[in-house]
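Following: one structure in structure tokens, then a few remarks.
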Amino acid sequence: MRSGVCLYPGSFDPVTLGHMDIIRRAAKVFEKVYVGVLINPEKKGSFTNEERVDLLKRACADLSNVEIVSFTGLTAELCRKLDIRVLVRGLRGGDDLTSEMRMAKINAQLLPGLETVFLGASSGMEAVSSSLVREIASFGGDISALVPKEICQEIQNRFKRS
Ligand code: PNS
């Protein structure tokens, strides 16, 4: 049984199998999952905002209850706008816990009643991160175990040195 709506926010620069693990599991628990791609005008990522959204859309194409949205500003404001009261965040291990708990508290202060639900990374996903993908790809390493197969080549190409 699935219930309610949630938002899974992040930078997704680029989306990884770690993110997909969380999205797929959230999609089983919630009726509707919004994936919020933060557009940060001050931070130039490896992928443009449009590219990050497009990669996510392709990776989530088989998930009918998942919608990709981009946003600027506060995550809590997006929740207010979409009338969402549950955030989902992934925890890869103890290192994530302190910062994620802090973020959850700040978000609850910004929008009283906003709860953060943590999903622990599935086995094998604990070390996967966008920064690791960028680093390995930039040295020409194999990222196929780290990113969705539909978008692997495109990500690899981005980092190809000429
Ligand atoms: O890619 P990440 O580091 O997993 O995502 C972090 C993100 C985008 C969820 C967080 O930085 C965020 O919510 N930024 C929007 C600004 C905001 O709401 N700040 C207050 C809460 S920390």
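The values are calculated or read from the model by the stated rules, or taken from the named source; none is laboratory data. As the structure is a computational prediction, the values presented were derived from the model and not from experiment. Note that each Cβ is placed from the backbone with ideal geometry, even for glycine, and that neighbours are counted across all protein chains shown. Please note that ligands, DNA and RNA were not included when accessible areas were found on the heavy atoms of the full protein model with its side chains. Shrake-Rupley method; radii C 1.70, N 1.55, O 1.52, S 1.80 Å.
Tabulated data
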quantity	calculated
Cross-chain or 6+ apart pairs with Cβ under 6 Å, the range 3-14 first and closer than 8 Å to Lys32 by Cα and of a type outside the set (S, T, N, Q), then more than 7 Å from the ligand (Cβ to nearest atom) and in a loop (DSSP other than H, G, I, E, B)	Gly4/Phe30; Val5/Ile84; Cys6/Phe30
Identity of the residue in the range 125-144, surrounded by fewer than 14 Cβ atoms within 10 Å (Cβ to Cβ) and within 17 Å of the chain's Cα centre (by Cα), that ends up nearest to Pro9 (Cα to Cα)	Ser131
Residues located in the range 85-95, provided they are closer than 19 Å to Leu17 by Cα and at pLDDT 95 or above	Val88, Arg89, Gly90, Leu91, Arg92
The one condition in (1) in contact with a helix residue (DSSP H, G or I) (Cβ under 9 Å, 6 or more places away or on another chain); (2) open to solvent by 30 Å² or more (accessible area, probe 1.4 Å) that Lys57 fails to fulfil	(1)
Selection from the range 41-76 of residues that are part of a strand (DSSP E or B) and more than 15 Å from the ligand (Cβ to nearest atom)	Val66, Glu67
Tabulated pairs, the range 94-110, first surrounded by 12 or more Cβ atoms within 10 Å (Cβ to Cβ), second hydroxyl-bearing (Ser, Thr, Tyr) and at pLDDT 95 or above, C-beta under 7 angstrom, 6+ apart or interchain	Ala104/Thr116; Asn107/Thr75; Asn107/Thr116
Candidates Val88, Val69, Val133, filtered to the one that is without any contact (Cβ under 8 Å) to a residue 40 or more places away in the chain and not hydroxyl-bearing (Ser, Thr, Tyr)	Val69
Meets criteria (in contact with a helix residue (DSSP H, G or I) (Cβ under 8 Å, 6 or more places away or on another chain) and either within 28 Å of Glu135 (Cα to Cα) or modelled with pLDDT under 95 (or both)) for Val69	yes
Where Leu82 falls short, out of the listed (1) closer than 22 Å to Thr16 by Cα; (2) modelled with pLDDT of 95 or more; (3) surrounded by 15 or more Cβ atoms within 10 Å (Cβ to Cβ)	(1)
Residues being away from the ligand (no atom under 12 Å from the Cβ) and open to solvent by 10 Å² or more (accessible area, probe 1.4 Å) - total across the range 21-40	9
Matching entry among Leu111, Leu87 (being under 18 Å from Gly4 (Cβ atoms), in contact with a Cys (Cβ under 6 Å, 6 or more places away or on another chain) and among the hydrophobic types (A, V, I, L, M, F, W, C))	Leu111
